[in-house]
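> First the structure, which I've put down as C-alpha cells, then a few questions once you've had a look.
The values are calculated or read from the model by the stated rules, or taken from the named source; none is laboratory data. The structure presented is a predicted model; accordingly, all values stated were derived computationally and were not measured. Counting neighbours? That spans all protein chains shown, and the Cβs are built from the backbone with ideal geometry, glycine included. What goes into the accessible areas is simple: the full protein's heavy atoms, side chains included, and nothing from ligands, DNA or RNA. Shrake-Rupley method; radii C 1.70, N 1.55, O 1.52, S 1.80 Å.
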Amino acid sequence: QVQLVESGGGLVQPGGSLRLSCAASGTDFSIYAMGWYRQAPGKQRELVARITSGTTTYYADSVKGRFTVSRDNAKNTVYLQMNSLKPDDTAVYYCVRFSPLNNPAYWGQGTQVTVSS
C-alpha cells in the first residue's frame, strides 16, 4: 500500500522560508513523477510543483523563482523548498505520486503552511 507522509509545515512570517518533506513507502519511488499541490480556503486545489523520475521540474507561475522541488531516491523522499513566502502561499500542501499517465494517483494527508505576521 502506497503511503505518503508530509512534514515541515508551520507558521512563518512573510519573506521567510520553509522546507516540506514527503516520505514515500509501498511504491517503487524512483520511477514515478512526484509533486506538490496546495489548497487554500475557498479555492480549488492547484498544482504547485512537479518533478519527474528524470528530475525535470515544473512550477506554477505563482511560485517560480521562489520554490524548488527536489527528490532523493535513496531516501524515497521528495522536498519542496519554499523561500520568500507570501501570505497568498497560505494553504494545506499535499504530496502526490503521479501515475504513469501523469495523473495524481496517491495523496498524502496534507500539511498546513501559514504565512502571517
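> Taking the Cα centre as origin and putting +1 on Lys and Arg beta-carbons and -1 on Asp and Glu beta-carbons, what dipole magnitude results for the stretch 1-71, to the nearest 20 debye?
180 debye
> Based on the mean of other beta carbon atoms within 10 Å per residue, what is the order of 91-99, 106-114, most packed first?
The most tightly packed comes first, giving 91-99, 106-114.
> Remind me, relative contact order of the stretch 56-117 in percent, using alpha carbon pairs under 8 angstrom and six or more residues apart?
Here the relative contact order equals 25 percent.
> Could I ask something else about it? May I ask you to order 11-20, 73-82 by the average number of other C-beta atoms within 10 Å around their residues, highest value first?
73-82, 11-20
> I would also like to ask the following. Ignoring any ligand, DNA or RNA, what whole percent of the accessible area of the chain comes from carbon and sulfur when the probe is 1.4 angstrom?
C and S fraction of accessible area: 46 percent.
> Using the Cα centre of the stretch 58-117 as origin and beta-carbon charges of +1 (Lys, Arg) and -1 (Asp, Glu), tell me which of Y79, F67, S117 is placed farthest towards the positive end of the dipole.
Y79
> Still on this model: Report the calculated FRET efficiency for K75 and E46 (r = Cβ-Cβ distance, R0 = 30 Å), to the nearest 0.05.
Using R0 = 30 Å, I get an efficiency of 0.65.
> Then there is this: Please give the net charge around G9, taking every other residue with its beta carbon less than 14 angstrom from that of G9, where Lys and Arg add +1 and Asp and Glu add -1.
0
> Okay, moving on. For Cα pairs less than 8 Å apart in space and 6+ apart in sequence, what is the mean separation divided by the residue count of the chain, i.e. the relative contact order in percent?
36 percent
> Hull surface divided by four, with the convex hull built on the Cα atoms of the stretch 54-108: how many nm²?
4.6 nm²
> Divide, for the chain, the radius of gyration over alpha carbons by 2.2 N^0.38 Å, where N is the residue count.
Normalised Rg, Cα atoms only: 0.99.
> Under the 0.36 nm per residue contour assumption, what length would be gained going from the current alpha-carbon distance of S17 and S62 to full extension?
So the extension gain works out to 14.6 nm.
> Given contacts defined as C-alpha pairs under 8 Å and at least six residues apart, what's the relative contact order of the stretch 24-92, whole-number percent?
With pairs under 8 Å counted, the relative contact order is 29 percent.
> Before I look further, what does the chain give for accessible area per residue, probe 1.4 Å, in whole square angstrom?
Per-residue value: 52 Å².
> Within 14 Å, Cβ to Cβ, of S84, how many net charges do the neighbouring residues add up to if Lys/Arg are +1 and Asp/Glu are -1?
Overall, the nearby charge balance is +2.
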